[in-house]
1. Distances over 16 Å make up what percent of all Cα-Cα pairs in region 99-147?
2. How long is the gain from residue 5 to residue 23 if the chain were fully straight, where each residue apart is worth 0.36 nm and the alpha carbon distance is subtracted?
3. Give me the percent relative contact order of region 6-120, please, defined on Cα pairs under 8 angstrom at least 6 residues apart.
4. Above 19 Å lies some portion of the pair distances; for the chain, what is it as a whole percent of all C-alpha pairs?
5. Restricting to DSSP H runs of at least four residues, report the calculated mean residue ellipticity at 222 nm for the chain, -39500 (n - 2.57) per run over all residues, nearest 500 deg cm²/dmol.
6. Taking every Cα atom in region 23-96, find the radius of gyration and the maximum pairwise distance Dmax, and write them in Å.
């Protein structure tokens, strides 16, 4: 078995995401929404609201980055910030109806484009891609630092006496 080419995977991920985003925007005739804005809307499904800190944690972004995103998105009518019902000192964020409509269009166009592209793959290529999905999902989790196995191991090491580490 040959050695895994991590640089090749890293080099293809970003262009793949950008190509898919650009093609989806064009297909659905969407405004220039950034990846981050789409991720914020995705984190606020219909009928939910979350605090900025929770959004930052979910998206693995810094709080100041999320705050800046929310300010811009609020100005564009994509999110609404209101005082938290349980604590008026806190703020909760909800995606606007316009943002949810854009996201629904984005999601439908995105899925359709991926389906069209994968329909052009050979059977063996499609099988390989299907088999890679769980590994790519796990890789995303590992890179985000949210892997429960990794955290459990690290926590176990932290509680061991110094001599056994």
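1. Values: 705 of 1176 pairs.
So the pairs more than 16 Å apart make up 60 percent of the total in region 99-147.
2. Working: separation 18, 0.36 × 18 = 6.48 nm, distance 2.72 nm.
Gain on stretching residue 5 to residue 23: 3.8 nm.
3. Working: 101 pairs, mean separation 33.9, N = 115.
Reported relative contact order: 29 percent.
4. On the way: 9223 of 13530 pairs.
Tail fraction, whole percent: 68.
5. Numbers: 7 runs with 107 residues, N = 165.
So the calculated ellipticity at 222 nm is -21500 deg cm²/dmol.
6. Answer for region 23-96, Rg first and Dmax second: 12.6, 42 Å.
FYI, it's all coordinate maths here, none of it is from the lab. Remember, it's a predicted structure, so these values are computed and weren't measured experimentally.
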